[in-house]
Amino acid sequence: MARSITMQVARYRPDREAEPTMQSYDVPLRKDWAILDGLNHIKDELDGTLSYRWSCRMGICGSCGMTVNGEPKLTCATFLTDYAPGPVRVEPLRNFPVVRDLVVDIGDFMAKLSVVQPWIIRKDEETPDGEYLQTPAELEDYKQFSMCINCMLCYSACPIYGLNEHFLGPAAIALAQRYNLDSRDQGSADRMDALSASTGVWDCTYVGECSTACPKNVDPAGAIQRYKLTAATETLKSFLMPRGGR
Amino acid sequence: MTYTHDIVIVGGGGAGLRAAIAVVEANPQLSVAIISKVYPMRSHTVSAEGGAAAVIRAEDSLDEHAYDTISGGDWLCDQDAVEAFVDEAPKEMLRLENWGCPWSREPDGRVAVRPFGGMKRIRTWFAADKTGFHLLHTLFQTSLKYEEIARYDEWFVTKLLVEDGRVRGVVAIELSSGRIETITAKAVILCTGGCGRVFPFTTNANIKTGDGMALAYRAGAPLKDMEFVQYHPTGLPFTGILITEAARAEGGWLLNKDGYRYLQDYDLGTPQPGPVLRSMELGPRDRLSQAFVKEMEKGRTIDTPYGQVVHLDLRHLGAKLINTKLPMVRELCLDYEKIDPVKDLVPVRPVVHYMMGGVSTDIHGATPLDGLYAAGEVACVSINGANRLGSNSLPELLVFGARAGRAAAEFAAAQPDDGGDWSGILTQAEDERRRLERDLRGREGGGERVSTIRTEMQAAMEQGAGIYRSADSMAKCADALQELRERLPGVSIDDHTTTFNTELIAALELGLMLDVAESIVHSARLREESRGAHQRTDFPERDDVRYLAHSLIHRSADGSPRVEYPPVTITRWPPGVRVYGR
């Protein structure tokens, strides 16, 4: 195995550059090194001015999503040896404005989170004495959609979001479904307007790239398809029943 | 002044989010803001795996949870705080359930519990082995419901503003723009978590640089029990990624190079096929990490490119149990070690995990500095004493996050709105801005890298203040830290830009970490006994005559440390012998 690998890293400092450029660095090619270890080597040993986000380096905080050789990846869980002999190209996540180097602006997603009301909504006023009972089977109904780490790889992979930034997007819709399908929740009607709006589930043409990109097997595409069925049924009910069937 | 709130919370992890919700619930008229250097869902609470302890079963009792916690903490816990903690933990956990936390369940729909290290009863709630992740996301998503909570995401606090013995706000940098702003407040709650990054090998995320501890220390608030650093016995070599204690609670074994369950040689009980509470692999973390060192000294550990390891054996648990109860353990092993715990042994070694010490607070989260509160790992109440029990930290951040939020709300509401003369505060803020702009962002290159000093600091801490310490090892460590302190002003900052300047942040974090490292070593040198996680080869016994007391370290006006020893609060459990496995 070669001793080093070339990393081609996107650089962009808006204070001084009009557009992004690529910069090459040689880093040690070690069996255990993730792409993120390569970036840390650059920052610590070669060039302190490179900026990127990272934190837990165990695939759970969702900070370090980037585009690696054209694909959205968590760089702490993607290994240099898989790209040997290189070079390996590291760019910011696509479909987001670039703030600096490998850092993108996810403010749009943060705003969309609140739109889908990702919290338990109850129609009864009083708080229960103890826990809401929930069987393992009921937990299983929504559990997959609760595993999203908000890493933004699905938005980066989604061609619809790339064309229309108003699209709610895979993670936000999956999160809405996480609560809609939770046996403790009574708020699916409250989330319906956002999900059924022109920027909601109907924008999705079921390309499925989001589920392919997801590092946690959340299957947002499945969440969206499942909600389309719900929304269609509800719409039909609203024609057939006097009070909208809600 | 640029922004004004009644209450500013520094840190958006579990404690910070819980505190924010508590403020709004206590007094919706108050303006509350969370300032966090990362988006809240990136906070390190996300990495907690195994579970959260709270008494829920009929056969359990609050007194038993209290006793396990106090004996686990080697009698350094304040027992009034522990009693409040065990009493409120179940209520807080039920609130989390009501807010939607996807706790694992029994077949009848009740919340499920699992065994955990040092606990005599089964009382650890869990969401598979991603408990912290689910707890954090549930809190964050629930917090979105409260429009009253303002957020400063990706802002880094550099200084607490203090005048006349009272906290009046903070100075912070917005990462995306580099602008430096003064944010005033009647009360500030520190919820910034721990400081594992002062050591080289840690489970802690990159962001765990002890910011809140150092900010408080510099502002005149004392730190408590800083010498007590928890090593978790099972980290993956190289990455330091945590393999949860739940792996042993579900029945995993620790084996030396001969395949022998070596813990039986260290007064931790006799091996049984299944897990036994408060015994063997379910002993407390300090004792297990110390046993590893002894085993290594006997030459019975396994040599790897990343140091000595022992093996965690989960093979006999089977794929089904591992997939349902420990899915993340399997995922982490497959991703980072290319091994499958269903059929392979997992290499593990002790790894720095948690700070028992922190900003000294009372039972309401208040520090001795008026208007300053702290909760979660950054704080030391103390319920953890000399050694925290696994699965006590998540309920701690809920209980004391809520308590600090309520206490700060009460304090803030009692303060007048105009706050009097701000000129002194604004002068301080202007000085801080100058430091950041001219002395740091405008600094010439050509000196040492941030990483050079950071790496040397981490090595010094491991060598001098690790699992076993002595006067000699710590003296060398203190000298090394002093030398690094002198080199710090010469550190290079090549990045002079304003947009997302992470080199500037790294330099600031390094300064904060050096303060924390010094407080750890100084407190450790003065404690001439062995207790819990603080083990001295030159003072191997616990000394209740001299040291049944907290180390309270203050920074004097000239920057030198001063340590006092207030007594531990004992209510119903007089100091005794820690017995495990018999």
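The values are calculated or read from the model by the stated rules, or taken from the named source; none is laboratory data. Just so it is clear, the structure is predicted and the values come from calculations on it, not from any experiment. With ideal geometry, Cβ positions are generated from the backbone for all residues, glycine too; neighbour counts draw on all protein chains shown. Remember, those area values only see protein heavy atoms, side chains included, never the ligands or the DNA or RNA. Shrake-Rupley method; radii C 1.70, N 1.55, O 1.52, S 1.80 Å.
Just tell me the longest site-free run in chain A, where the sites are GluC sites (Glu not before Pro) in a DSSP loop having at most 12 other beta-carbon atoms within 10 Å.
A:127-246
Under a 1.4 angstrom probe, counting protein chains only, how are B:563, A:115, A:27 ranked by accessible area, largest first?
Sorted by accessible area, descending: A:115, B:563, A:27.
What percentages, rounded to whole numbers, describe P(r) for the protein assembly as shown computed over all alpha carbon pairs with 20 Å bin width beginning at zero?
Calculated P(r), rounded to whole percents: 16, 52, 30, 2, 0.
Under the √(5λ) rule applied to the eigenvalues of the Cα gyration tensor, what semi-axes describe the equivalent ellipsoid of segment A:51-185? Give them in Å, descending.
Details: eigenvalues 231, 63, 31 Å².
Taking √(5λ) for each eigenvalue gives 34, 18, 13 Å, largest first.
For residue B:34, enumerate residues with amide H under 5 Å from its amide H, sequence gap 5+ or separate chain, H modeled in the peptide plane.
B:9, B:150, B:151, B:152
Which of the lysines could a cross-linker span from residue A:43 if the Cα-Cα distance has to be under 24 Å and same-chain partners fewer than 8 positions apart are dropped?
A:31, A:73, B:37, B:208
Carbon and sulfur atoms: what percent of the 1.4 Å accessible area of segment A:4-104 do they account for?
44 percent
Across segment B:369-386, in residue order, what do the Karplus-derived ³J(HN,Hα) couplings come to in whole Hz, using 6.51 cos²θ - 1.76 cosθ + 1.60 with θ = phi - 60° and x for Gly and Pro?
8, 3, x, 9, 10, 8, 8, x, 5, 5, 9, 10, 7, 10, 9, 9, x, 8
Looking at segment A:47-129, which trypsin sites (Lys or Arg not before Pro) are in a loop (DSSP not H, G, I, E or B) and have at most 10 other Cβ atoms within 10 Å? Don't skip to the answer; put the middle values down first.
Numbers: sites: A:53, A:57, A:73, A:89, A:94, A:100, A:112, A:122, A:123; in loops: A:53, A:57, A:94, A:122, A:123.
Here the trypsin sites (Lys or Arg not before Pro) that fit, given the DSSP loop and packing criteria, are A:123.
Grab the beta carbon distance between residue B:320 and residue B:414, set R0 = 45 Å, and tell me the FRET efficiency rounded to 0.05.
0.20
Roll a 1.4 angstrom probe over the protein heavy atoms and tell me the percent of accessible area of segment A:107-245 that is carbon or sulfur.
Answer for segment A:107-245: carbon and sulfur cover 54 percent of the accessible area.
Can you pull a Stokes-Einstein diffusion coefficient for segment B:189-335 at 20 °C (1.002 mPa s), Rh from Kirkwood over Cα pairs, as a whole number of µm²/s?
It diffuses with D of about 125 µm²/s by this estimate.
Using modelled backbone amide H atoms (1.01 Å from N, in-plane), which distant-in-sequence or interchain residues come within less than 5 Å of residue B:370's amide H?
It is B:167, by chain and number.
Ratio of segment B:95-242's C-alpha Rg to 2.2 N^0.38 Å, to two decimals? Before the final figure, lay out each step's value.
Numbers: Rg = 19.3 Å, N = 148, 2.2 N^0.38 = 14.7 Å.
Expressed relative to 2.2 N^0.38 Å, the Cα Rg reads 1.31.
Output the residues of segment A:96-132 meeting this criterion: accessible area (heavy atoms, 1.4 Å probe) in the chain alone minus accessible area with all protein chains in place is 50 Å² or greater.
Correct list: A:100, A:110, A:119, A:131.
Given Cα positions, please report Rg to Rh for chain A, the hydrodynamic radius being the Kirkwood one. It would help to have the intermediate numbers written out before the result.
Numbers: Rg = 21.2 Å, Rh = 19.9 Å.
Ratio of gyration radius to Kirkwood radius: 1.06.
Could you tell me the extents of segment A:107-245's C-alpha atoms along the three principal axes, largest first, rounded to whole Å?
Principal extents (largest minus smallest coordinate, Cα): 44, 36, 27 Å.
Within 10 Å of each candidate Cβ there may be at most 10 other Cβ atoms; applying that plus a DSSP loop requirement, which GluC sites (Glu not before Pro) in segment B:1-109 survive?
For GluC sites (Glu not before Pro) across segment B:1-109 that sit outside H, G, I, E and B with at most 10 neighbouring Cβ atoms in 10 Å, the list reads B:59.
Student exercise: in segment A:107-245, how many lysine pairs 8 or more apart or on different chains have Cα atoms under 24 Å apart?
The result is 10.
Please report the buried accessible area for the interface of A with B, total over both chains, probe 1.4 Å, in Å² to the nearest 100.
5200 Å²
Anything losing 40 Å² or more of accessible area from the isolated chain to the full protein assembly: pick those residues out of segment A:48-68, probe 1.4 Å, ligands and DNA/RNA ignored.
Residues losing area: A:48, A:49, A:53, A:54, A:55, A:57, A:58, A:60, A:61.
On average, how much accessible surface per residue is there in chain A, in Å², for a 1.4 Å probe, leaving out ligands, DNA and RNA?
Accessible area per residue, chain A: 43 Å².
Equivalent ellipsoid semi-axes for segment A:4-104, as square roots of 5 times the alpha carbon gyration tensor eigenvalues: give them largest first, rounded to whole Å.
Semi-axes from the Cα gyration tensor: 20, 16, 12 Å.
Give the angle, between 0 and 90 degrees and rounded to the nearest 10, that separates the Cα long axis of helix B:131-143 from the longest principal axis of the Cα atoms of chain B.
Roughly 30 degrees between the two axes.
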